[in-house]
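K.L.:
Below you will find the structure I want to go over with you.
The values are calculated or read from the model by the stated rules, or taken from the named source; none is laboratory data. Quantities reported herein were computed from a predicted structural model and do not represent experimental measurements. Quick reminder, even Gly has a Cβ in these numbers, built from the backbone with ideal geometry, and neighbours come from all protein chains shown.
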Amino acid sequence: MAMAERTLGARSAPARYDTTSRVFHWLTVALVLAAAALGLWIAHAKPADSIKLTLYNLHESIGVTIGLVTLARLLWRLGHPPPPLPEDLPKILKLAARANHSAFYLWLLVMPVLGFIATNAWGFPLTWFGLVPLPDPIGKNVPLAEMVTFAHRLMAWSLIGMIVLHVSAALWHQFVRRDGTLRKML
């Protein structure tokens, strides 16, 4: 009966993430690390540094890319469910894992939008990687820019917290529980 259900279109959860999901995951990791490193570099660069505008453009371009990759990743996930969490994992930890993953997706969609709005509100047009000019729908609005920049930074720091929690959980699964959860994404 189970085989008949599978052939009729019911999809069972795989034992491991599919290749495309793993590529999306590790591409997102690389992009987020690059954006974070650039964001910290920008924060410590002197205002007069000639490279600062280049750093901003690169940071913002990577942010737009993160948003696009996240959208593609969510669309892919609709038809490709993740592997199940270990059955013996307490319900509260399953809930925490799902909440953290949901927050990741939300943050990775909202942060690029906030960054884009802030860039526009500071009065700087964005050209994606120096190639594709993006629209400037806001125009210069310093009070808005300050507010949105603050929200973007706050989300960046909370994203770091979510990443620490996510990596810690993966290591806990690998070295304490030894349940193979980490291998699902490798």
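K.L.:
Name the one entry in Pro81, Pro133, Pro90, Pro125 that is surrounded by 12 or more Cβ atoms within 10 Å (Cβ to Cβ) and either over 18 Å from Ala35 (Cα atoms) or within 20 Å of the chain's Cα centre (by Cα) (or both).
P.N.:
Pro81
K.L.:
From (1) farther than 25 Å from Ile138 by Cα; (2) assigned to a loop (DSSP other than H, G, I, E, B), pick out the condition that doesn't hold for Leu95.
P.N.:
(2)
K.L.:
Another question, then. Quick one: count up the residues across region 143-170 that are surrounded by 11 or more Cβ atoms within 10 Å (Cβ to Cβ), free of Cβ contacts under 8 Å to residues at least 24 places away in the same chain and farther than 30 Å from Leu186 by Cβ.
P.N.:
Number satisfying all stated conditions: 5.
K.L.:
Okay, moving on. Could you look through region 43-87, keep only residues that are of a type in the set (Val, Ile, Thr) and assigned to a helix (DSSP H, G or I), and pick out the one that is farthest from Arg183 (Cα to Cα)?
P.N.:
Thr54
K.L.:
Give the number of residues within region 1-43 that are at pLDDT below 95, basic (Lys, Arg) and surrounded by 14 or more Cβ atoms within 10 Å (Cβ to Cβ).
P.N.:
1
K.L.:
Hey, can you tell me all the residues within region 171-184 that are in a helix (DSSP H, G or I), without any contact (Cβ under 8 Å) to a residue 12 or more places away in the chain and surrounded by fewer than 14 Cβ atoms within 10 Å (Cβ to Cβ)?
P.N.:
Leu171, Phe175, Val176
K.L.:
Going by the structure shown, is Asp136 modelled with pLDDT under 95 and under 25 Å from Ala43 (Cα atoms)?
P.N.:
Yes; evaluated as a whole, the condition is true for this residue.
K.L.:
When the residues of region 50-70 are narrowed to those that are of a type in the set (Gly, Ala, Ser) and closer than 15 Å to Val113 by Cα, which ends up surrounded by the most Cβ atoms within 10 Å (Cβ to Cβ)?
P.N.:
So, considering only residues that are of a type in the set (Gly, Ala, Ser) and closer than 15 Å to Val113 by Cα, the one surrounded by the most Cβ atoms within 10 Å (Cβ to Cβ) is Gly63.
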